[in-house]
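Presented below is the structure to which this report refers.
The values are calculated or read from the model by the stated rules, or taken from the named source; none is laboratory data. In this text, all values refer to a predicted model and were calculated from it rather than measured experimentally. Please note: Cβ atoms are built from the backbone with ideal geometry, for glycine as well, and neighbour counts cover all protein chains shown. The accessibility values were calculated without ligands, DNA or RNA, using every heavy atom of the protein model including side chains. Shrake-Rupley method; radii C 1.70, N 1.55, O 1.52, S 1.80 Å.
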Amino acid sequence: MGWWEGTEEDNRILISPAESGAGQFLSLCHPKTGKRTCYLLANEKLQELQWFKLPYGSWFLGDYVCKDGCLYYATPVDLVFILLPMFEEARMKKGDDAGKFRQLDEIIFINGYPDYQLLLPLAEKYMRVVCEVKEIGSSSFFRLDDSKVLAWLSYKVHQLNKVLPTLGQNYAARTEKETLSDAVSVIGDYVKDEPWMKSLCEKFKVNFTEGPNQTTETGHLPAATDYLYSPIVSQDKNGTDKRAAKPGKQAKKAKMETDSQNIRDMFTRASRRRG
């Protein structure tokens with residue numbers, strides 16, 4: 001029997017890095033917009049999910065035809081971007097006061113977003129680079145440090161500034177100033193305008209336009225809920241099929257409207273026949 005047989009719903013194709021293997025979908029707040037967004041946690045690394053669809057298309061997988069011609073893909077995202085807004089709010093900074101030190105389990109909590117708890121084991125390793133840390137006994141207390149955050153963001157800009165000219169003729173033809181502005185703009189898609197984007201623009205002397213960047217967000221998958229866990233064929237860079245994580249059979253839910261771009265319409269719930 002083929003891997004696709006015994007399912008009541010259509011399959012989806014997910015392309016992810018070779019080392020990803022099976023993973024778990026998370027619903028988290030987008031660090032820029034605050035909107036509920038879908039991410040994939042695999043091998044202790046976080047990836048953001050995006051999608052692309054042509055008007056017509058299907059996937060041929062051996063003897064099986066996948067009617068959904070969308071291309072779903074997962075790309076790595078630095079966990080610091082995702083947690084930065086929470087650490088900014090948690091320190092309760094006022095004026096010249098640097099704010100409070102707090103433990104991770106106090107910081108990494110948003111009502112209605114239980115998936116953040118799955119990031120707790122990773123947070124300490126990632127967030128030390130942008131935080132002051134005090135050790136009291138066996139407990140660690142964190143407070144976001146503005147200078148460390150700006151230094152970390154600046155490093156990201158410099159790395160992008162080196163990479164962008166290698167991505168094709170369109171980037172290679174741009175001036176150094178334009179490339180630098182592009183790099184800052186990309187980072188700006190993942191941080192709030194105040195204070196981080198504005199500070200970056202001042203540091204690199206590029207124009208700052210308050211409000212959302214011009215890049216589209218329609219490619220991000222808006223949410224991950226218990227509707228997500230249908231069979232998903234994940235292919236690594238070598239073309240090897242892998243399966244994303246699937247919990248048990250989910251109860252049937254009412255269908256969303258057909259014009260919705262919610263993740264619930266893109267990934268179906270797990271429904272497997274027993275026997």
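Tabulated values for the structure
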quantity	calculated
Where a residue in the range 89-107 is over 17 Å from Ile136 (Cα atoms) and its partner, wherever it lies, is part of a helix (DSSP H, G or I) and open to solvent by 90 Å² or more (accessible area, probe 1.4 Å), with Cβ under 8 Å and at least six apart	Ala90/Glu106
Among (1) open to solvent by 70 Å² or more (accessible area, probe 1.4 Å); (2) not in a helix (DSSP H, G or I), the one test that Glu106 misses	(2)
Identity of the residue in the range 51-80, in contact with a Phe, Trp or Tyr (Cβ under 8 Å, 6 or more places away or on another chain) and closer than 26 Å to Ser154 by Cβ, that ends up surrounded by the fewest Cβ atoms within 10 Å (Cβ to Cβ)	Asp78
Hits in the range 13-50 (condition: of a type in the set (D, E, K, R) and either modelled with pLDDT of 75 or more or closer than 25 Å to Leu153 by Cα (or both))	Lys32, Lys35, Arg36, Glu44, Lys45, Glu48
Checking Leu83 against (1) in contact (Cβ under 8 Å) with a residue 40 or more places away in the chain; (2) over 12 Å from Leu119 (Cα atoms); (3) buried (at least 17 other Cβ atoms within 10 Å of the Cβ), the condition it does not meet	(2)
Number of positions in the range 182-194 that are open to solvent by 30 Å² or more (accessible area, probe 1.4 Å) and either β-branched (Val, Ile, Thr) or more than 21 Å from the chain's Cα centre (by Cα) (or both)	1
Criterion: small (Gly, Ala, Ser) and either in contact with a Phe, Trp or Tyr (Cβ under 6 Å, 6 or more places away or on another chain) or open to solvent by less than 70 Å² (accessible area, probe 1.4 Å) (or both) - qualifying residue of Gly112, Gly137	Gly112
Single match in Leu46, Leu40, Leu122 (criterion: touching a helix residue (DSSP H, G or I) at 6+ places or on another chain (Cβ under 7 Å), touching a residue at least 60 places away in the same chain (Cβ under 8 Å) and in a strand (DSSP E or B))	Leu46
Among the residues listed as Tyr171, Tyr155, the single one being loosely packed, with under 12 Cβ neighbours inside 10 Å and assigned to a helix (DSSP H, G or I)	Tyr155
Those residues of the range 17-43 which are open to solvent by 50 Å² or more (accessible area, probe 1.4 Å) and more than 23 Å from Asn111 (Cα to Cα), in sequence order	Glu19, Ala22, Asn43
